[in-house]
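Below is one structure; the comments refer to it alone.
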Amino acid sequence: MRVRISNSYFDMSSAAAKLIASQLRNKPDSVLGLATGSTPLGTYRELARMHKEEGLDFSLVRTFNLDEYYGIGPDHPQSYHYFMNENLIKHVNIDPRNVHLPDGLAKNIEESCRRYEDSIKERGGIDVQLLGIGRDGHIAFNEPGSSLGSRTRLKTLIQETVSDNARFFKTLDEVPRFAITMGVGTILEARHIILLASGGEKADAVKLAIEGPVTTEITASALQLHPKVTAFLDVAAADKLKRKDYYKYVEEMRQKFGQADV
Ligand code: GLP
């Protein structure tokens, strides 16, 4: 895993956006796996800026989001459909037909999840998957205990996640208790995974994910099994990493030998 530590949230977001932009320039019809949450907002803002000011083209891009709350529709202001539209889709030239999220209102959940997985495969798989991390070390909505081979499915959210998400809803009762989420196994099939983490409240989860044992207790730790992961962290999120000085040294060396963007 490549660990890139930035001095600020802005620098972290710009570095991640730069990587995604270079992916799109190399392969304009890339399939992107996208994430919600506050962490990727800076990356989306930067991508929107690059589209506007530098002509970064999304016309052939296909996107698949990690997850969606179960029980709320795409027009609900807290749905992930709504979030993606507000924070990225409407600011760039993606064809709305190429934007995919799990169906939070699916009647036949199993069938809908299977179709979601099939459509990722039909489009050649995910080239770059963006991920945030929950305070309990989850990726997407793969809560602690999720199988590391899991596929897209309905997941019951743990209390900590429900209360973390409560800040977006008027009352605790309104917070969805279920979500449809890509599985850890689905995520691990992406060709390149970008993990983003910012702020001191993520430092424990980041440490366990990157340097702890691979365990279903911290589903992000499964990323250690993947051949190509880049973790973009700000200093606060990286604070508890044992080898943070080494990771910084690696980046300095890459810079020195012209390998920084590889
Ligand atoms: C939710 C999402 C995750 C996200 C996490 C952290 O659980 N399903 O994909 O990584 O929240 O969100 P934030 O970036 O707001 O801390």
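The values are calculated or read from the model by the stated rules, or taken from the named source; none is laboratory data. Everything quoted here is computed from the prediction, not taken from an experiment. In this analysis, Cβ positions are derived from the backbone assuming ideal geometry, glycine residues included, and neighbour counts consider all displayed protein chains. Accessible surface areas use protein heavy atoms only, side chains included; no ligands, DNA or RNA. Shrake-Rupley method; radii C 1.70, N 1.55, O 1.52, S 1.80 Å.
Please specify each residue of the range 28-51 satisfying the condition of being away from the ligand (no atom under 16 Å from the Cβ) and surrounded by fewer than 16 Cβ atoms within 10 Å (Cβ to Cβ).
28, 29, 49
Kindly list the number of the only condition in (1) farther than 29 Å from residue 117 by Cα; (2) open to solvent by 60 Å² or more (accessible area, probe 1.4 Å) that fails for residue 160.
The failed condition is (1).
Scan the range 52-78 residue by residue and report those that are assigned to a loop (DSSP other than H, G, I, E, B), touching a residue at least 60 places away in the same chain (Cβ under 8 Å), hydrophobic (A, V, I, L, M, F, W, C) and crowded, with 22+ Cβ neighbours inside 10 Å. Even if it seems obvious, please write down each step before you answer.
Step one: of the range 52-78, the residues assigned to a loop (DSSP other than H, G, I, E, B) are 55-61, 66, 70-78.
Then drop every residue that is not touching a residue at least 60 places away in the same chain (Cβ under 8 Å), which leaves 66, 70-72, 78.
Applying the additional criterion that residues be hydrophobic (A, V, I, L, M, F, W, C) yields 66, 72.
Correct list: 66 only.
Please work out which one of (1) within 16 Å of the ligand (Cβ to nearest atom); (2) among the hydroxyl-bearing types (Ser, Thr, Tyr); (3) touching a residue at least 24 places away in the same chain (Cβ under 8 Å) is the condition residue 156 fails and give its number.
(3)
Of all residues in the range 112-143, which are within 17 Å of the chain's Cα centre (by Cα) and on the phi > 0 side of the Ramachandran plot?
125, 137, 140
Quick check on my filter: what residues within the range 79-102 are within 16 Å of the ligand (Cβ to nearest atom), more than 15 Å from the chain's Cα centre (by Cα) and surrounded by 14 or more Cβ atoms within 10 Å (Cβ to Cβ)?
The answer is 79, 82.
What pairs can you find where one residue is in the range 19-39 and touching a residue at least 40 places away in the same chain (Cβ under 8 Å), the other is open to solvent by 30 Å² or more (accessible area, probe 1.4 Å) and more than 16 Å from the ligand (Cβ to nearest atom), and their Cβ atoms are less than 6 Å apart, with a gap of 6+ or different chains?
30/23; 31/62; 31/123
Output the residues belonging to the range 56-69 that are in contact with an Asp or Glu (Cβ under 9 Å, 6 or more places away or on another chain) and within 16 Å of the ligand (Cβ to nearest atom). It would help to see each step written out before you state the result.
Step one: filter the range 56-69 for residues in contact with an Asp or Glu (Cβ under 9 Å, 6 or more places away or on another chain), giving 58-62, 68.
Selection gives 68 alone.
Among the residues that make up the range 167-182, is at least one of them surrounded by 23 or more Cβ atoms within 10 Å (Cβ to Cβ) and in contact with a helix residue (DSSP H, G or I) (Cβ under 6 Å, 6 or more places away or on another chain)? Break it down into steps so the answer makes sense when it comes.
Step one: list which residues in the range 167-182 are surrounded by 23 or more Cβ atoms within 10 Å (Cβ to Cβ), which gives 179-182.
Right, trim to in contact with a helix residue (DSSP H, G or I) (Cβ under 6 Å, 6 or more places away or on another chain) and you get none.
Within the range 167-182, none of the residues are surrounded by 23 or more Cβ atoms within 10 Å (Cβ to Cβ) and in contact with a helix residue (DSSP H, G or I) (Cβ under 6 Å, 6 or more places away or on another chain).
Take the range 9-27 and flag every residue that is within 16 Å of the ligand (Cβ to nearest atom) and surrounded by fewer than 21 Cβ atoms within 10 Å (Cβ to Cβ).
So the first thing to find is which residues in the range 9-27 are within 16 Å of the ligand (Cβ to nearest atom), and the list is 9-10, 12-13, 16-17.
9, 10 - these are the residues of the range 9-27 that are within 16 Å of the ligand (Cβ to nearest atom) and surrounded by fewer than 21 Cβ atoms within 10 Å (Cβ to Cβ).
Might you let me know whether the range 121-137 holds any residue that is open to solvent by less than 20 Å² (accessible area, probe 1.4 Å), of a type in the set (S, T, N, Q) and more than 12 Å from the ligand (Cβ to nearest atom)?
no
Would you please list the contacts, defined by Cβ atoms under 6 Å and residues six or more apart or on different chains, that run from a residue in the range 105-131 that is closer than 19 Å to residue 69 by Cβ and of a type in the set (Ser, Thr, Tyr) to a residue that is open to solvent by less than 20 Å² (accessible area, probe 1.4 Å) and not in a strand (DSSP E or B)?
112/106; 116/102; 116/152
Here are the criteria: (1) in contact (Cβ under 8 Å) with a residue 60 or more places away in the chain; (2) within 15 Å of the ligand (Cβ to nearest atom); (3) closer than 23 Å to residue 100 by Cβ; (4) open to solvent by less than 50 Å² (accessible area, probe 1.4 Å). Tell me which single one residue 192 does not satisfy.
(2)
Within 13 Å of the ligand (Cβ to nearest atom) and closer than 30 Å to residue 200 by Cβ: does that describe residue 150?
It is false that residue 150 is within 13 Å of the ligand (Cβ to nearest atom) and closer than 30 Å to residue 200 by Cβ.
Within the range 95-110, does at least one residue satisfy the condition of being under 20 Å from residue 193 (Cα atoms) and in a loop (DSSP other than H, G, I, E, B)?
Checked against the condition, which is being under 20 Å from residue 193 (Cα atoms) and in a loop (DSSP other than H, G, I, E, B), the range 95-110 yields at least one hit.
Working only within the range 201-232, note down all residues that are touching a residue at least 60 places away in the same chain (Cβ under 8 Å) and over 24 Å from residue 189 (Cβ atoms).
Residues satisfying the conditions are 201, 202, 204.
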